[in-house]
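**Q** I have a structure here, written as structure tokens, and I will follow up with some questions on it.
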Amino acid sequence: MKFEPSILSFMCHWCGYTSADAAGVFRIIHPPYYKTIRILCTGRVDPFFIFEAFKYGAEGVIIYGCRLGECKYSDGNLQVLLIGESAKTILEESGINENSLKLEWISSTESVKLVKDLNQFFETIKNIGPFGNETNWNEKDKFLYLDCASKVCQDAKIGVLLGNISKKLKNLRDLSYSAIKQKIEEKIVNKLKLKWVEIEEKNL
């Protein structure tokens, strides 16, 4: 049977969702295998939502935020960038291809780019295969490990660390991808790994 992945997209109302709406108006063909959740700002995407999406059937998750520096709410897209990097770290720790999660930055007038991105992401997920394919998880294993990941994301200490990193980057006025990745690796990767092991041991 041909694998057709299920993809969930979180779209900022001001950019991604507006672009998707315009694509429909102009009859630009969308890939059919994704569902959209509209949010006022991608800064409202909790990492918990990402792993719950995977847990309940999504093979891929894509998040569309305003271009960095253009957030309607000051720094919401910086928050989701930090969240995305943390979530990818957790995916790697569980043996999952980090490309199952993607962040994209877009303006409200880039309908063609949005559809192109969605099509490319769809093909990426098709090539990766069903979620958890790399680990040979059965459904019970998948639910267990993703439940652990959700609990890691809900840990208050991790949330505080993300907030502190955000403040430091704004003070440094460096919102580059390399700076964000460096801060995630310096301040949070080891704590994420330790929390992952702690929760995993409790559940096994």
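The values are calculated or read from the model by the stated rules, or taken from the named source; none is laboratory data. For clarity, every value in this text was computed on a predicted model and none was experimentally measured. Ideal geometry is used to build each Cβ from the backbone, glycine not excepted, and the neighbour counts take in all protein chains shown.
**Q** Limited to the stretch 59-102, what total is found for residues that are closer than 16 Å to T135 by Cα and among the hydrophobic types (A, V, I, L, M, F, W, C)?
**A** Within the stretch 59-102, residues that are closer than 16 Å to T135 by Cα and among the hydrophobic types (A, V, I, L, M, F, W, C) number 3.
**Q** Based on this model, can you work out whether I28 counts as part of a loop (DSSP other than H, G, I, E, B) and either farther than 22 Å from Q182 by Cβ or among the small types (G, A, S) (or both)?
**A** Answer is yes for this residue.
**Q** So if I check each of V25, V45, which one is surrounded by 19 or more Cβ atoms within 10 Å (Cβ to Cβ) and either among the hydroxyl-bearing types (S, T, Y) or in contact with a helix residue (DSSP H, G or I) (Cβ under 9 Å, 6 or more places away or on another chain) (or both)?
**A** V45
**Q** Next up: Checking the condition at pLDDT 95 or above and of a type in the set (F, W, Y), which residue from F54, F10 passes?
**A** One residue alone meets the criteria, F10.
**Q** Moving to a separate point now. In the stretch 126-144, which residues are outside any helix (DSSP H, G or I), modelled with pLDDT under 80 and surrounded by 14 or more Cβ atoms within 10 Å (Cβ to Cβ)?
**A** Correct list: W137 only.
**Q** In this structure, is G60 over 30 Å from D141 (Cβ atoms) and either touching a helix residue (DSSP H, G or I) at 6+ places or on another chain (Cβ under 8 Å) or buried (at least 21 other Cβ atoms within 10 Å of the Cβ) (or both)?
**A** No; evaluated as a whole, the condition is false for this residue.
**Q** Right, next: Taking K142 as the residue in question, decide whether it is in contact (Cβ under 8 Å) with a residue 24 or more places away in the chain, out of contact with any Leu (no Cβ under 6 Å at 6 or more places or on another chain) and within 21 Å of M11 (Cα to Cα).
**A** Criteria not met by K142.
**Q** Right, next: Scan the stretch 145-159 for residues that are surrounded by fewer than 16 Cβ atoms within 10 Å (Cβ to Cβ) and either among the hydrophobic types (A, V, I, L, M, F, W, C) or without any contact (Cβ under 8 Å) to a residue 12 or more places away in the chain (or both) and jot them down.
**A** Within the stretch 145-159, A156, G159 meet the criteria.
**Q** Looking at T89, T36, which one is surrounded by 15 or more Cβ atoms within 10 Å (Cβ to Cβ), farther than 18 Å from C153 by Cβ and not acidic (D, E)?
**A** Exactly one of T89, T36 is surrounded by 15 or more Cβ atoms within 10 Å (Cβ to Cβ), farther than 18 Å from C153 by Cβ and not acidic (D, E), namely T36.
Yes or no, residue by residue, for (1) part of a helix (DSSP H, G or I); (2) acidic (D, E); (3) at pLDDT 85 or above:
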position	(1), (2), (3)
Y73	no, no, yes
L82	yes, no, no
S86	yes, no, no
T89	yes, no, no
I96	no, no, yes
W105	no, no, yes
T109	no, no, yes
L118	yes, no, yes
T124	yes, no, yes
